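A quick write-up on the structure given underneath.
The values are calculated or read from the model by the stated rules, or taken from the named source; none is laboratory data. Just so we're clear, the structure is a prediction, and the values are computed from it rather than from any experiment. Note that we place each Cβ from the backbone using ideal geometry, even for glycine, and neighbour counts take in every protein chain shown. Protein only, heavy atoms only, side chains kept; ligands, DNA and RNA dropped before computing areas. Shrake-Rupley method; radii C 1.70, N 1.55, O 1.52, S 1.80 Å.
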Amino acid sequence: AWPRHLLYGLARSRNQNPQCLSLARDLVRIEPSNAVAFAMLAESLMAASLPQEAISAIRRALQLDPASTFAANHLLDDLLKRQDFAAADDLAALMARFQHPATHLLARTRILLARKEFDQASSPTLELALSPDQEAIPALASALDLWDKAPRARKDSLDQLICTAVSDGRARNVSVSAPFVRVNFRNGLPAALHNLSLIHISEPTRQAEI
């Protein structure tokens, strides 16, 4: 089966999705217990605009490998699109057991924001901001991007929590540079991600910015 894996990678690099789809179908037939093969099939099916088949492949990939971030995130996309929040909660619980904590915290943020439970959604986002783990940084960036699409009034409490955590030194991967909250990536270059109301910047931080 390895030649097919290699051919799949080559076809994918050339944007030859029909060939990718054919190879992926062969792979899952030859290796029916290979989660990666089902993830490859799902990716090709999504590119071919076959979402129902893609979700079936994603579910199978996740059954075979509960630690598959690719499968979990794409399944969560589908569940939130259909507003199947009960199933999304079950998936988040599975992610809490088998995946990186940051992946689970981002999933919880996504679910709670989709439900418009803004007060509750601030908790997992703040946990990401407080995490010293570098692996939490991309998840925090994604979470803050989601919050930027929430109503301004609903972001106020999160802004206050983040600014407080920054000012007292608990959020080491985050800095406040009015009017943004910035996340510091591995290369040391900050990226402006989250619009911030100046009224929520603590006085020491405000003076430092001035």
task: Could you grab the pairs with beta carbons closer than 6 Å, sequence gap of 6+ or different chains, first residue in segment 53-74 and farther than 16 Å from Asp90 by Cα, second one open to solvent by 60 Å² or more (accessible area, probe 1.4 Å)?
output: Ala54/Met46
task: Those residues that are open to solvent by less than 80 Å² (accessible area, probe 1.4 Å) and under 26 Å from the mean Cα position of the chain (by Cα), I need them from segment 1-23; list them, please.
output: Tyr8, Gly9, Asn17, Cys20, Leu21
- prompt: Which residue, of Asp26, Asp119, is at pLDDT below 95, surrounded by fewer than 16 Cβ atoms within 10 Å (Cβ to Cβ), over 18 Å from the mean Cα position of the chain (by Cα) and not in a loop (DSSP other than H, G, I, E, B)?
  reply: Asp119
task: Any chance you could count how many residues in segment 130-142 are part of a helix (DSSP H, G or I) and either of a type in the set (Asp, Glu) or surrounded by fewer than 23 Cβ atoms within 10 Å (Cβ to Cβ) (or both)?
output: 5
message: Take the conditions within 17 Å of the chain's Cα centre (by Cα) and more than 19 Å from Asp77 (Cβ to Cβ) and apply them to Ser157. Does it pass?
response: no
message: Just to be sure before I move on: is Gln52 among the polar types (S, T, N, Q) and under 19 Å from Leu76 (Cβ atoms) in the structure I sent?
response: yes
Unique match (being crowded, with 21+ Cβ neighbours inside 10 Å and at pLDDT below 95) among Ala37, Ala48: Ala37
- request: Could you please give the count of residues in segment 143-177 that are among the polar types (S, T, N, Q), farther than 27 Å from Leu80 by Cβ and outside any helix (DSSP H, G or I)?
  value: 2
